[in-house]
Amino acid sequence: MLKKLLPVVLIVLAFNFLIYTIWEKPKTKDLPPTAQKTLEALSIPMVDDPLTALAPINGSDVHWTVSLKSGQVVGWQLAHYSHISNGKPLELLPRKPGFSSMGLYTKSSGTLIPLYPATITLNGNPLSMTAQSISTGSALLEEKFMVNGNPVTLSLTLPSSGYEVAVAIKNPGKAAVVFGSGENFGLSQITQSYGTEFQGPIHSTEGKMEEVKKDGAFSFDHPLAWLGNEDKYFIGLFANPKGVSLSDIHRSGANSWIQMETLGDATFSVIGEPKRYSLLKAQNPSLIDTIDFGWFMFGRIMFISLIAKPLFLLMTYLHHVFHNYGLAIILVTIIIKLIFSPLAFMSYRSIHQMQTLQPEIKKLQNQYKDDKAALNQALMALYKERRVNPLGGCLPMLVQIPVFVALYNILNNTVELRQAPFMLWIHDLSLKDPYYILPVLMGLTMILQYRLNPASPDPVQQKVMMVVPVIMTFFFLNFPSGLVLYWLVNNMLTILQQYLTTSYLKKQSA
């Protein structure tokens with residue numbers, strides 16, 4: 001029975017994978033009533049700034065770049081994360097000459113107009129093109145503006161370590177000013193994989209994360225805990241606003257813009273960082289939901305997420321002990337296999353019992369070959385008499401599917417595994433095996449598993465069971481090596497468990 005079910009399950013999963021990857025049209029979710037649609041398209045303000053006079057300011061975790069002409073932050077590089085292609089620090093604030101970036105604006109008939117500062121200072125000294133390093137504590141970047149005759153001061157406290165910048169706007173004349181994020185702040189420009197991860201604007205509503213999947217502009221007239229952009233591994237957001245009158249999210253296709261408007265003094269935080277679990281939890285527990293722990297098929301499932309989080313915490317603990325995520329994956333796989341060993345034993349025992357009944361089943365099939373109803377009744381009577389559950393080999397395995405999906409999400413969607421080496425030729429567990437050694441070994445273990453199972457009397461089923469390992473190997477060629485490592489180790493443990501259990505059951509029945 002297990003062999004009959006397994007190909008169906010694998011084919012269904014593969015079919016859904018292809019549909020979701022190639023032909024997906026995501027369902028959109030309406031924003032809550034407090035979010036009102038105001039504009040139809042994203043319009044990035046233009047700025048008269050060729051970006052030729054730039055001031056680098058470097059913390060240990062973030063390298064910022066500030067334009068001396070517009071005062072805008074035009075670079076937000078993560079020092080410890082790099083682009084795979086060129087090895088350069090990863091940029092969360094794309095720079096486009098002529099287009100506005102992160103900074104202060106005023107409004108005219110609903111249109112944003114960049115403000116140009118009269119002075120820009122860093123720790124009280126005029127900012128220059130000489131690179132500045134923040135060795136301890138923080139540095140105060142201060143810009144002074146005049147808005148329709150009203151003085152406005154923008155202060156950014158840049159930390160020596162960490163990713164959170166404290167923003168303060170002093171606006172005694174209550175001029176209408178807007179702080180804009182710049183286009184696609186928080187998006188790493190890394191190609192999304194497998195079509196399972198959302199990329200774009202998000203916000204917090206009543207402690208829950210909401211994804212903005214519709215194009216348009218949406219205004220919130222009540223304070224949001226946070227709003228911003230996310231992709232698979234990184235996030236850029238505004239958080240903890242005070243004195244903000246409006247929070248806006250603008251989206252058009254793959255592009256987005258976040259802004260906050262105030263008519264007086266205001267404070268908030270600007271954060272551009274990797275989606276590390278510990279970081280997000282310390283800032284706001286609801287941010288943990290930006291890590292896609294619960295994906296399955298066509299959306300997020302809370303039950304999967306509830307399984308994934310403790311497994312992830314176990315994996316990070318093992319990494320803390322052994323300092324190797326590859327080893328942590330192997331140990332987590334062993335622990336899960338031990339936890340599910342009673343269910344696996346039940347499955348193998350049921351399969352063995354069904355094997356012993358095969359002669360009697362064939363006898364009944366010959367006896368009632370022209371009467372299917374009578375055959376079914378006879379088979380049910382036989383199963384009842386021998387206390388055998390024909391589904392007993394399938395159900396214990398089905399129980400384990402949510403755990404596998406949870407592990408898939410952990411290994412595919414957590415930034416902790418990005419740039420995390422294992423050993424030998426595996427230098428990044430979030431990337432595919434460059435030599436395809438792990439996928440091929442995984443396919444061979446699947447064939448060995450099939451060989452250990454009793455041969456099916458159905459020749460069509462035999463062919464299907466031989467084709468499945470080839471299909472799975474093909475799919476796994478481009479999967480993250482961490483995920484393939486888990487599947488390979490799981491297959492090896494299953495082979496060992498199956499051999500030992502089958503040998504024990506044969507001795508018991510001899």
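One table, with the values for the structure above:
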read-out: Exposure proxy ranking, count of Cβ atoms within 10 Å, fewest first, for W64, W425, W76; value: W425, W64, W76
read-out: Span-rule helices in the chain, defined as complete DSSP H runs reaching 15 Å or more along the axis (Cα) with Kyte mean at least -0.5; value: 2-22, 302-322, 325-339, 341-356, 372-386, 401-413, 437-452, 459-476, 481-509
read-out: More than 23 Å apart - percent of Cα-Cα pairs taken over region 40-285; value: 46
read-out: Computed helical MRE - 222 nm, the chain, DSSP H runs ≥ 4 contributing -39500 (n - 2.57), nearest 500; value: -12000 deg cm²/dmol
read-out: Links that overshoot a 19 Å alpha carbon limit, given the list K144/K170; K281/K432; K372/K463; K275/K309; K362/K507; K170/K281; value: K281/K432; K372/K463; K362/K507; K170/K281
read-out: Sorted by Cβ neighbour density within 10 Å, fewest at the top, the residues D370, D289; value: D370, D289
read-out: Listed residues V167, G243, A266: farthest to the positive end of the dipole of region 40-285 (Cβ charges); value: V167
read-out: Given charges at beta-carbon only (K, R positive; D, E negative), |dipole| of region 40-285 in Debye; value: 220
read-out: Structure-derived volume of the Cα convex hull per residue in Å³: which label, when the choices are (i) 184; (ii) 173; (iii) 222; value: (ii)
read-out: Sorted by Cβ neighbour density within 10 Å, fewest at the top, the residues K174, K208, K275, K69; value: K208, K174, K69, K275
read-out: Rounded Å value of the spacing that divides the Cα centres of region 106-121 and region 291-348; value: 50
read-out: Bins of 5 Å, starting at 0 and running to the largest distance - Cα pair percent for region 279-438; value: 2, 8, 12, 14, 13, 11, 9, 7, 7, 6, 6, 4, 1, 0, 0
read-out: Quarter of Cα convex hull surface for region 195-329, i.e. mean projection, nm²; value: 9.2
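Quick note: the coordinates plus some simple rules give every number you see, no bench work behind them. Bear in mind that the values here come from a model prediction, so they are computed numbers and not experimental data. Every residue, glycine as well, gets a Cβ built from its backbone with ideal geometry; the counts of neighbours run over all protein chains shown.
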